[in-house]
Amino acid sequence: MKRNPTCTMRDVAAHLGISHATVSRALRDDPRITSAVRLRVVKAANKLGYRRDPKLAELMSHMRASKKRAFQGTLAWITDHDPSVPAERAAHELHWEHGVKRAEELGYKLECFPNSYPADAARIERRLLAQGIQGIIIQQYKAAFHPPDWKLNWSRFAIVYNGLSQTPQCLDSVDADEIANCVQLYTQLTNLGYRRIGICTIRAIELATNYCLGTSLHRFALLHPGTPEIPPCLLPDFGPDSARVTARWLQKHRVDVVVSQVRGIKEMLESTGRQVPQDLGLAYQGVNPHGPNTGMCQREDLIASVNVEAVIASVEQGRFGLPVVPRLTLLQGTWHPGTTCRAS
């Protein structure tokens with residue numbers, strides 16, 4: 001085939017018998033275009049001699065970015081959080097407001113389904129179908145998420161799960177890279193002068209998060225030979241007996257900073273007679289970026305945005321049902337210096 005140095009996208013479209021818009025989207029990897037169509041367009045463009053004009057492409061990219069997409073549809077945000085409970089509302093809103101904003105930018109409305117549990121599956125599915133909702137973001141934190149318990153017809157929907165607690169892992173998911181975040185957390189604590197890092201948390205929470213704190217501390221120790229090996233203090237709850245167990249653990253292992261992911265840990269530690277941070281540092285696996293606690297900001301804003309982008313891509317590509325190979329997207333967080341550890 002003879003190459004044409006002045007070939008345009010319209011020439012490629014005419015050659016293939018498809019629209020100019022389809023060619024344009026295919027050449028910029030728009031998720032609405034299937035891989036088969038994209039391959040046909042790229043092959044034809046190469047044969048015909050089409051060459052991208054970088055200045056024109058930059059201008060068009062700027063115009064697309066500044067133009068708000070027309071309304072595309074509604075997405076569901078399913079969560080077991082209860083927004084009427086202040087502590088749960090605060091955690092929920094860290095994600096929610098950014099998810100709503102990103103959905104609107106991409107032409108979608110985000111509708112929340114709070115307090116949702118497996119027993120609600122039939123009611124939720126009827127509502128989803130009635131509203132024509134095809135895309136679902138499942139945001140679960142309080143317990144492990146077991147998809148077989150949810151009697152949904154998964155094949156009807158594109159689903160993205162926000163978290164690392166699926167049992168088994170069968171949905172696409174987006175979440176914080178907890179292992180990398182915790183390794184960064186331990187590194188920051190070492191830079192602050194802490195030497196004896198101890199994990200103190202609720203056993204059920206450490207289990208639900210796949211032993212993230214313990215796994216990451218082991219990785220940190222492998223990367224930093226000589227790190228003291230301190231067994232974690234895994235408690236059933238934060239009751240009076242747990243305070244006594246924790247006090248003995250702190251004294252026996254001479255812990256100088258505690259890492260946890262549970263609300264109420266500060267009060268429990270101080271009930272042992274130690275002051276935070278004067279006598280004992282305290283750092284959290286995840287902190288509110290607007291709050292006083294020291295720890296890792298998990299960048300809920302980015303996580304929520306990527307969740308929305310991922311489910312929209314699945315909807316527009318027709319990727320419905322349980323994937324053969326689930327996709328896992330992990331985002332790193334940032335260190336948040338607070339008041340529960342000493343200053344550097």
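The values are calculated or read from the model by the stated rules, or taken from the named source; none is laboratory data. Every value quoted in this text rests on a predicted model; they were computed, and no experiment measured them. Reconstructed Cβ throughout: ideal geometry from the backbone, glycine too, with neighbour counts over all protein chains shown.
Kindly indicate the residue of the stretch 141-173 that is of a type in the set (A, V, I, L, M, F, W, C), over 12 Å from the mean Cα position of the chain (by Cα) and not in a loop (DSSP other than H, G, I, E, B) and also surrounded by the most Cβ atoms within 10 Å (Cβ to Cβ) among those meeting that condition.
159
For the stretch 114-123, what are the residues that are under 28 Å from residue 263 (Cβ atoms) and surrounded by fewer than 20 Cβ atoms within 10 Å (Cβ to Cβ)?
Those that are under 28 Å from residue 263 (Cβ atoms) and surrounded by fewer than 20 Cβ atoms within 10 Å (Cβ to Cβ): 114, 115, 117, 118, 119, 120.
Any residue at all in the stretch 274-283 that is without any contact (Cβ under 8 Å) to a residue 40 or more places away in the chain and surrounded by 15 or more Cβ atoms within 10 Å (Cβ to Cβ)?
Checked against the condition, which is being without any contact (Cβ under 8 Å) to a residue 40 or more places away in the chain and surrounded by 15 or more Cβ atoms within 10 Å (Cβ to Cβ), the stretch 274-283 yields at least one hit.
Which residues, taken from the stretch 310-330, are buried (at least 18 other Cβ atoms within 10 Å of the Cβ) and more than 23 Å from residue 150 (Cβ to Cβ)?
Listed by number, the list holds a single entry, 316.
Which residues, counting only those in the stretch 174-201, are of a type in the set (A, V, I, L, M, F, W, C) and assigned to a helix (DSSP H, G or I)?
Residues of the stretch 174-201 of a type in the set (A, V, I, L, M, F, W, C): 174, 176, 179-180, 182-183, 185, 189, 192, 197, 199-200.
The answer is 179, 180, 182, 183, 185, 189.
Looking only at the stretch 275-289, how many residues end up being more than 13 Å from residue 333 (Cα to Cα) and part of a strand (DSSP E or B)?
Residues in the stretch 275-289 being more than 13 Å from residue 333 (Cα to Cα) and part of a strand (DSSP E or B): 3 in total.
Could you check how many residues of the stretch 276-295 are more than 17 Å from residue 196 (Cβ to Cβ) and of a type in the set (S, T, N, Q)?
Final tally of qualifying residues: 3.
Please report, ordered by residue number, the helices (runs of 4 or more DSSP H) entirely within the stretch 1-102 with at least 1 residues that are modelled with pLDDT of 85 or more and either surrounded by 15 or more Cβ atoms within 10 Å (Cβ to Cβ) or touching a helix residue (DSSP H, G or I) at 6+ places or on another chain (Cβ under 9 Å) (or both).
Result: 9-16, 20-27, 35-48.
Determine which single condition residue 100 fails, assuming it passes every other condition in (1) under 22 Å from residue 299 (Cβ atoms); (2) touching a Gly at 6+ places or on another chain (Cβ under 9 Å).
Failing condition for residue 100: (2).
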